[in-house]
Structures are given as C-alpha cells and as structure tokens.
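Laboratory data are not the source of any read-out in this text; all were calculated from the coordinates shown. Values in this document were obtained by computation on a predicted structure and should not be read as measured data. Positions of Cβ are backbone-derived with ideal geometry, glycine not excepted, and every protein chain shown enters the neighbour counts.
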Amino acid sequence: MRVSSRQEKLERTDWRAYVILDPRFLHKERDLLETAQLALRGGAGVLQLRDKESDAQTLVERAQALQDLCDGYDALFIVNDRVDVALAAGCDGVHLGPHDIPVERARAIAPDLVIGSSAGTAEVAKFLQGQGADYLGVGAIYDAHPSKPDASAPRGPQAVALVTSQVEIPVVGIGGITADNAAAVSAHGAAGVAVIRQVVASDDPEAATRALRQAVDRGLKSR
Ligand SMILES: Cc1ncc(COP(=O)(O)OP(=O)(O)O)c(N)n1
Ligand SMILES: Cc1nc(C(=O)O)sc1CCOP(=O)(O)O
Ligand SMILES: [Mg+2]
C-alpha cells in the first residue's frame with residue numbers, strides 16, 4: 001500500500017476480500033504473481049504470502065514482488081509467519097499464529113508493521129488485541145483441513161460474533177469460506193473473509209474474488 005504509517009494503512013484497508021497466496025494450491029495453469037494480479041483486479045483489498053516451503057531468499061524475492069504489485073492497487077500486503085522476511089522485503093505487515101513469534105515481541109522489534117494474528121475464541125482475541133495485534137483471523141469457520149491440516153474443527157460463523165463482541169480491531173473469518181457461505185460470516189460481524197482455495201485454486205481468480213466480495217457485501221448490508 002502506498003502510504004507510510006501503520007495507522008494510515010489500517011484506515012485505508014478494505015478487508016472484504018483477503019486472499020492468501022499459498023503456492024501449493026495454485027491452479028495448474030497459473031503462477032503466484034499472475035494469480036495475485038487477478039485477485040487484485042477482482043477487488044482483493046489484502047493479499048498474504050503463505051509459503052511454507054521456500055528458502056528465505058526466495059521468500060524475500062517473492063514478498064518484494066508482491067508488495068510492489070499491491071502498491072499499484074493500493075492493497076495491503078502481508079507475509080505469513082516471518083517477521084524477518086516482512087522487514088527485509090519492506091512489506092506492509094505480517095501474520096503471526098500460535099506457533100510464530102509472539103505478537104508482543106514482534107511489535108517490539110517492528111513497531112511500523114501491520115500485525116495480524118489468529119484467534120479461535122474471544123478470550124484469545126482479547127489477549128492478542130492487548131499484545132498489540134492490528135487485526136485478527138478467526139477460524140476455522142468451516143472445514144479448512146484440505147488447506148490447513150492442523151486447523152480446528154469448524155466453529156461456525158457464530159465464532160466471529162463472539163470475538164467481535166470483545167475486541168475493537170477488524171476481524172476476518174477464515175477456513176472453508178466460499179462465495180456461498182461468506183455472507184453469513186460478515187453478517188456475524190466480520191469485516192471480511194480470508195480464503196486460499198476459493199481464489200488461488202480457481203480457474204478464474206478474478207471472478208472468484210469479485211463473487212466473494214459481493215457475498216461479503218450482502219452480509220454487511222444485512223447487519
Ligand atoms: C488471515 C489469517 N488468519 C489466520 C491464519 C492462520 O495463521 P496460523 O495460525 O499461523 O497458521 P498458518 O497459516 O501459519 O498455518 C492466517 N494465515 N491468515
Ligand atoms: C490458513 C488458515 N488458517 C485457518 C485458521 O483456522 O486459522 S484455516 C486456514 C486455511 C484456509 O484455507 P481455505 O480458504 O482454502 O479453507
Ligand atoms: Mg503461522
């Protein structure tokens with residue numbers, strides 16, 4: 001995103017369609033950058049690089065290329081798991097889960113990064129907000145096992161309502177979300193939805209992202 005301060009980035013972010021680029025789920029006819037560009041054309045406001053297999057040098061190269069692309073669309077770019085990569089590549093932010101560097105420590109070494117974290121329950125969400133998280137991914141809403149074998153059992157969209165009643169920071173639902181079930185997630189209080197397969201594995205990532213955003217809008221209007 002082409003603004004400098006963390007606060008400004010957070011104010012400008014459109015959370016409705018948050019697309020997670022995991023190279024393991026790419027459609028066979030598409031590479032990472034092409035998929036990212038199509039998602040941005042379809043209206044993704046946030047992209048995340050979730051690459052569990054590449055070495056650090058490749059991660060930095062990929063992250064830098066994706067950050068440049070996101071800058072052109074005024075979208076937020078987040079790196080999964082790796083504060084070092086986010087800093088080295090000049091990224092907007094990082095997403096940290098329970099097995100990554102704790103949010104409070106990351107905030108201490110990277111005060112300007114947007115930091116997201118993962119919460120399944122309201123109690124964890126409140127704790128993470130207190131540690132300095134800027135936004136939360138709440139899951140697994142539906143069945144996420146194909147993309148994340150260690151995901152929790154489905155908690156349903158009600159999990160979002162439980163979290164949003166306890167925190168002030170933006171919340172996105174994650175896990176098994178499609179254009180058919182996304183409206184229920186935003187209707188329960190989410191600012192948006194985060195997806196892998198629905199966009200990355202799609203034969204039309206642009207249309208898939210657009211459909212997701214429209215579904216989120218329907219849920220937002222119903223609130
Ligand atoms: C937006 C968003 N929400 C949750 C996650 C999951 O992060 P984590 O719990 O660290 O699991 P991995 O993705 O690292 O397997 C996420 N990546 N993005
Ligand atoms: C990366 C991730 N985190 C989850 C959580 O529950 O925190 S579920 C998940 C996988 C999301 O992939 P898909 O959209 O293909 O279901
Ligand atoms: Mg992680």
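For ILE177, what is the net charge nearby, where nearby means another residue's Cβ is under 11 Å from its Cβ and Lys, Arg count +1, Asp, Glu -1?
Around ILE177, the charge tally is -1.
Let me know the charge dipole size of segment 1-65 about its Cα centre in debye, to the nearest 20, where only the beta-carbon of Lys, Arg (+1) and Asp, Glu (-1) is charged.
220
Compute, for segment 1-121, the length of the dipole vector about the Cα centre, with Cβ point charges of +1 (Lys, Arg) and -1 (Asp, Glu) only. Units Debye, rounded to 20.
With Lys and Arg at +1 and Asp and Glu at -1, about 260 debye.
In the chain, what is the volume of the convex hull around the alpha carbon atoms, normalised per residue and reported in Å³?
Enclosed volume per residue, from the Cα hull, is 104 Å³.
When the chain is fully extended, how far beyond the present Cα-Cα distance does SER5 get from GLN131, taking 0.36 nm per residue of separation?
Residue separation times 0.36 nm, minus the Cα-Cα distance, leaves 43.4 nm.
Report the charge-dipole magnitude of the chain in Debye, nearest 20, computed about the Cα centre from +1 at each Lys and Arg Cβ and -1 at each Asp and Glu Cβ.
So the dipole magnitude of the chain works out to roughly 620 debye.
Between ILE78, ILE169, ILE141, where does the largest GNM mean-square fluctuation fall for the chain, given springs only between Cα atoms within less than 10 Å?
Looking only at ILE78, ILE169, ILE141, the biggest GNM fluctuation is shown by ILE169.
Quick one: if you take sqrt(5λ) for each eigenvalue of the C-alpha gyration tensor of segment 74-201, what semi-axes come out, biggest first, whole angstrom?
23, 17, 13
Below 8 Å, C-alpha to C-alpha, sequence gap of six or more: please give me the relative contact order for segment 81-223 in percent.
After rounding, I find 17 percent.
Sort out for me the Cα centre separation of segment 1-38 from segment 178-213, rounded to whole Å.
Cα centroid to Cα centroid, the span is 13 Å.
With each pseudo-label sitting 7 Å past Cα toward Cβ, what's the LEU33-ALA56 distance in nm, one decimal?
2.4
What does the helix-only formula give at 222 nm for the chain: each DSSP H stretch with n ≥ 4 adding -39500 (n - 2.57), the total divided by the residues, and the result rounded to the nearest 500 deg cm²/dmol?
That comes out to -11500 deg cm²/dmol.
Give the long-range amide H neighbours of GLY137: residues separated by 5 or more places, or on another chain, with amide H under 5 Å away, using H modelled in the peptide plane at 1.01 Å from N.
SER117, SER118, ALA119, VAL172
When the Karplus curve 6.51 cos²θ - 1.76 cosθ + 1.60 is applied with θ = phi - 60°, which whole-Hz ³J(HN,Hα) does each residue of segment 165-182 get, with x for Gly and Pro?
The phi angles translate into 6, 10, 10, 9, 6, x, 10, 10, x, 8, x, x, 8, 10, 5, 7, 10, 5 Hz.
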